[in-house]
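Coordinate-derived values only; no laboratory data. Predicted model, so just to flag it, every value in this text is computed and none were measured. Please note: Cβ atoms are built from the backbone with ideal geometry, for glycine as well, and neighbour counts cover all protein chains shown.
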Amino acid sequence: MVWRVVSALIVMLASASPRAEEAPDSIFFVGRTVEYIPGTLPLIIAAPHGGQLEPADIPDRKDGVTTRDAETDLLAVDLADAITRRTGARPHLILCHLHRKKVDCNRDALTGTGGNPKALATWRAFHEAIGKARSAARHGLFLDLHGHSHPAPKVEIGYLLSEEQLREQGPAFAALAPISGIAALAKTTPGTFEALVRGPLSLGGLLESAGYPSVPSPTSPDPGEEPYFRGGYNTARYRSGGADDGFFALQIECPRPGVRDTEENRRRFAEAFAVALERWMEHHAGIPLRTQAGPKGGSE
Ligand SMILES: [Zn+2]
């Protein structure tokens, strides 16, 4: 109880001062439209749709979705901070600060920029930063962070498997592992592909036990009739392809209520997500994110 009060106070104090816009080691590209904070963990977090800059000299995009995934830039920072607090080491973090009206870094270059040279410069810088992070990390998880406004407030975990594919079971489901975003992980997990995607120790299972309904998960093995994002351009691009380089990729689509609607909810979710990722990476990939002995303020 006392800790709850202290926690609330910490949140209040933290929110009294705005987030330091720049982490000390932020690197900016193309007029501060792309921010890269290098890390040391085999974990790369990208937020392509949280940007708010709307420079007048870049025309609005005419095709495709142009709505911003509100506060996913802040959520990405909160998640990276939570992981750093717990493990003593930083994930790589890449943020696009240009509004989605101007550029979509989760589409191919032409669709995402409409061919505008300035938008294209940002698009390229975003992907070059991911390239740098991949070279430094050499293996591990690429996590593309998004926000959805679907009716069901579930965390949607995109493995590049469609609703129809997620309805498969048994051997037919196991046969989908090589085309999923986590093909590399399917080779290291101690259990089945089914357990990796929707068992109790799947990411959805771990998030659900922390109080965040998720799909796929033990209780929602497939999306049913509900809308669902399976993962897009970045997830497909940054999974291990034929190169078999040990990268696996997820698109995480966060609902707004209880997850990114207030600063306190965002931080609480970031902490729970950090705990879930830590267990998930260790169990399925054999990668312990915690590089220093003992938790640093973690509460697991
Ligand atoms: Zn998005």
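For the chain, the number of Lys pairs with C-alpha atoms closer than 14 Å, counting only pairs eight or more positions apart or on separate chains, is 4. At a Förster radius of 41 Å, what calculated FRET efficiency corresponds to the Cβ-Cβ distance of Ile179 and Phe29, to the nearest 0.05? Efficiency, from the Cβ-Cβ distance: 0.80.
Rounded if a/c is under 1.5, else prolate if a/b beats b/c, else oblate: with a ≥ b ≥ c from the C-alpha gyration tensor eigenvalues square-rooted, which is the chain? If you can, show how the numbers build up before the last one.
Details: a/c = 1.40, a/b = 1.09, b/c = 1.29.
Rounded is the answer for the chain, as its axis ratio a/c remains below 1.5.
Taking 0.36 nm per residue of sequence separation and removing the Cα-Cα distance, the Ser135/His150 pair yields an extension gain of 1.9 nm.
Counting other Cβ atoms within 10 Å as a rough exposure proxy, the listed residues Ile58, Ile252 run Ile58, Ile252 from fewest neighbours to most.
Under 15 Å from a label point 7 Å along Cα→Cβ of Val65: give me every residue in segment 93-107 with its amide N that close. Residues 100-107 fall inside that zone.
Our coupling estimate for segment 209-214, obtained by passing each phi through the Karplus curve with A = 6.51, B = -1.76, C = 1.60 and θ = phi - 60°, is 5, 8, x, 10, x, 9 Hz, Gly and Pro reported as x.
Taking label positions 7 Å along the Cα-Cβ direction at both Thr111 and Asp261, the computed distance is 3.1 nm, reported to one decimal.
Among rounded, prolate and oblate, which fits segment 223-273 when a ≥ b ≥ c are the square roots of the eigenvalues of its C-alpha gyration tensor, a/c under 1.5 means rounded, and a/b larger than b/c means prolate? Could the numbers behind the result be given before it?
Details: a/c = 3.46, a/b = 1.71, b/c = 2.02.
It comes out oblate by the Cα gyration axes.
Residue order for Thr189, Thr262, Thr122, fewest other beta carbons within 10 angstrom first, comes to Thr262, Thr189, Thr122. Simple spin-label estimate for Asp57 and Phe229 gives 3.0 nm between the two label positions (7 Å along the Cα-to-Cβ direction from each Cα).
Specify whether the C-alpha gyration tensor of segment 38-127 places it in the rounded, prolate or oblate class, a ≥ b ≥ c being the square roots of the eigenvalues: rounded for a/c under 1.5, otherwise prolate if a/b is larger than b/c and oblate if not.
Details: a/c = 2.90, a/b = 2.15, b/c = 1.34.
Verdict is prolate for segment 38-127.
What order do you get for Phe29, Phe126, Phe248 when you list them from fewest to most C-beta neighbours inside 10 Å? Please list the in-between numbers first.
Working: Phe29 16, Phe126 29, Phe248 26.
Arranged by neighbour count, lowest to highest, Phe29, Phe126, Phe248 become Phe29, Phe248, Phe126.
Count the DSSP beta bridges whose two residues both fall in the chain, then state the antiparallel fraction as a percent rounded to the nearest 5. All intermediate terms of the calculation are to be shown ahead of the outcome.
Details: 10 of 29 bridges.
Rounded to the nearest five, the antiparallel share is 35 percent.
Per-residue ellipticity at 222 nm, computed for the chain from helices alone with -39500 (n - 2.57) per DSSP H run of at least four residues, works out to -10500 deg cm²/dmol.
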